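Quick notes on the structure that follows.
The values are calculated or read from the model by the stated rules, or taken from the named source; none is laboratory data. Since this is a predicted model, take the numbers as computed values, not measurements. In this analysis, Cβ positions are derived from the backbone assuming ideal geometry, glycine residues included, and neighbour counts consider all displayed protein chains. Protein only, heavy atoms only, side chains kept; ligands, DNA and RNA dropped before computing areas. Shrake-Rupley method; radii C 1.70, N 1.55, O 1.52, S 1.80 Å.
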Amino acid sequence: MSNTVVLTARYLVSMDEKGTVLSPGYVEIEGNKIKSIGHQSEVPATKERIDYGNAGIIPGLLNSHNHMAMSLMRGVADDLPLDDWLENHIWPLEGRFLSPEYIYDGTLLSVVEMLKSGTTFTTDMYFFEDEVARACTQAGIRCMIGEGAMAFPTPSVKDPGSVFDVIRKQAKTYRSEELISVHVAAHSTYATTEEQLVRCDELAQELDLPVQIHCAESKKEVEESIAKHGKTQIAYLNDLGLLDRRIGLVHMVWPQSGDWEHLKRDNVSVVSCLQSNLKLASGMPPIAHYVDEGIRVCLGTDGAASNNNLDIWEEFRLAALIAKGQSLDPIKVPAERALRMVTIDAAKAWGIDSLLGSIEKGKAADITVVDLDHPNTTPCYDIYSTLVYAAGVSNVKDVFVAGRRVLKDGIVTTVDEDEVLAKAANWAEKIKPL
Ligand SMILES: [Zn+2]
């Protein structure tokens, strides 16, 4: 029989469709699944119980856009325009240093940072994704890996045409892995060929995989698409059939008037990376407008070379604030709505909401415990307000992924944090002199 443990706390925030908050509440975990939730007065008899007291039990947070191993380039080139940053700094460094070992070490660094911030799932679009899967499995975080498809040779795939074989093989390898899933990661419309995008579409359809692509990040790339293809990137992707797939359009800072109708589909989601966009001065996506139009918005940190951290708390707080600041309406994107962007709405975006995104009976036991016994979370009149406008990484106490306690009292239990930091420091020594 599987192990059963009951967690109790002042708040159980389900993030289900009804917006259930149980106070005080409990969640019963059996093996890797949630067996029941309820008021604390109804706690079932069980052998093991963890009482968190003045805390919030919330779903594990979902980071919908990431390039994990880029954390080894955190701060290596800042305060630059996107194209200069990418073409003159990041891509040359990647060409020189990226290897399976680099990806493994950089991914572990990011996973440790994310587990300590209550993130239990991330997508990853990068290279040598088998190493990403290996690091995530070891550390016990969920990841939807995406081997980057680009028009030119990448550090992991020398022949751009063969990336589809790599993705196909990964889909087969990780089919029955609990923590790892696979998606089709097309870099962008400007860094892929039309033929590649068609093949991305075909592969996604054949293997029933989600697609992710950077899109409309800068005004310049939108203008270039219109000049080259005679249409916006969204219209281009639509004509190629990709908007019929389950797809996450990453950034979407610059939607054009004809794009909006294409975005109003349940299979299409906007993935905003607000701090990355702000830092690279790409602009601010129209968050309030997307939400008003019924377009699903979820959030990602982007890689740590452009953010420069993987703190998803800062992203959902910013989503609520930017929506209000842009619309001059404080009612836009209230706290609960912002939290949905990193829980249930993110799970819906990737088609995994039957398993993740809320604390409900039968779903995976991916849970984050937020300690409210801190000055920044005192007093707590409304748990959503506290979580979105006041709390942060420093309040994350425990994390469970698939029922496994991967963070205990703020310490990662699955890997040696000191060792992970030491390896990252070694890489920095090699990268630094350039
Ligand atoms: Zn990105």
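Once you've got the GNM for the chain with C-alpha springs shorter than 10 Å, pick whichever of P210, P375, P330 has the biggest mean-square fluctuation.
The residue that fluctuates most here is P375.
Specify which residue in the list T122, H89, A335 is farthest towards the positive end of the charge dipole of segment 61-349, using unit charges on the beta carbon of Lys, Arg (+1) and Asp, Glu (-1), about the Cα centre.
A335
With θ set to phi - 60° and the Karplus curve 6.51 cos²θ - 1.76 cosθ + 1.60, what are the ³J(HN,Hα) couplings of segment 61-67 in order, to the nearest whole Hz, using x for Gly and Pro?
Karplus values, whole Hz, x for Gly and Pro: 7, 10, 9, 8, 8, 7, 10.
Within a Cβ distance under 14 Å of S225, other residues only, what is the Lys/Arg minus Asp/Glu net charge?
Around S225, the charge tally is -3.
Report the residue, chosen from N54, N309, N63, that carries the largest GNM mean-square fluctuation when the chain is represented by alpha-carbon nodes joined by springs under 10 Å.
Highest fluctuation among the options: N54.
Would you mind estimating how fast segment 61-349 diffuses translationally, via Stokes-Einstein at 10 °C and 1.306 mPa s with the Kirkwood radius over Cα pairs, in µm²/s?
Taking Rh from Cα pairs, D becomes 85 µm²/s.
Compute the separation of the alpha-carbon centres of segment 48-71 and segment 236-250 and state it in Å as a whole number.
Computed from Cα coordinates, the inter-centre distance equals 30 Å.
Say we join alpha carbon atoms closer than 10 Å with springs in a Gaussian network model of the chain; which of V27, V268, V198 then has the biggest fluctuation?
Checking each option, the largest mean-square fluctuation is seen for V198.
Net charge near D409: determine it from the other residues with C-beta under 12 Å of the C-beta of D409, scoring Lys and Arg +1 and Asp and Glu -1.
Here the count lands on +2.
Could you work out how far the C-alpha centroid of segment 1-45 sits from that of segment 120-159, in angstrom?
Here the two parts' Cα centres lie 33 Å apart.
Any idea what the dipole of segment 1-93 comes to, in debye rounded to 20, about its Cα centre with Lys/Arg Cβ at +1 and Asp/Glu Cβ at -1?
Roughly 640 debye for segment 1-93.
In what sequence, largest accessible area first, do D159, D78, D418 appear using a 1.4 Å probe?
If we order D159, D78, D418 from most to least accessible, we get D418, D159, D78.
Report the local net charge at N309: Lys and Arg +1, Asp and Glu -1, summed over other residues whose C-beta lies under 12 Å from its C-beta.
Combined, the nearby Lys, Arg, Asp and Glu give -2.
At what distance in nm do the modelled label points of T173 and D239 sit from each other, each positioned 7 Å from its Cα along Cα→Cβ?
3.7 nm
Name the helices (complete DSSP H segments) of the chain with a Cα length along the long axis of 27 Å or more and a Kyte-Doolittle mean of at least -0.5, or state none.
Membrane-span-like by this rule: not one helix.
Can you list the cysteines of the chain that have no other Cys Cβ under 4.7 Å away?
C200, C215, C273, C298, C380
At a Cα cut-off below 28 Å, give the lysines reachable from K408, other chains included and same-chain residues fewer than 8 away excluded.
K33, K35, K47, K116, K361, K363, K397, K423
Let's see if you can work this out: charge +1 on each Lys and Arg Cβ, -1 on each Asp and Glu Cβ, no other charges. What is the dipole magnitude of the chain about its Cα centre, in debye to the nearest 20?
680 debye
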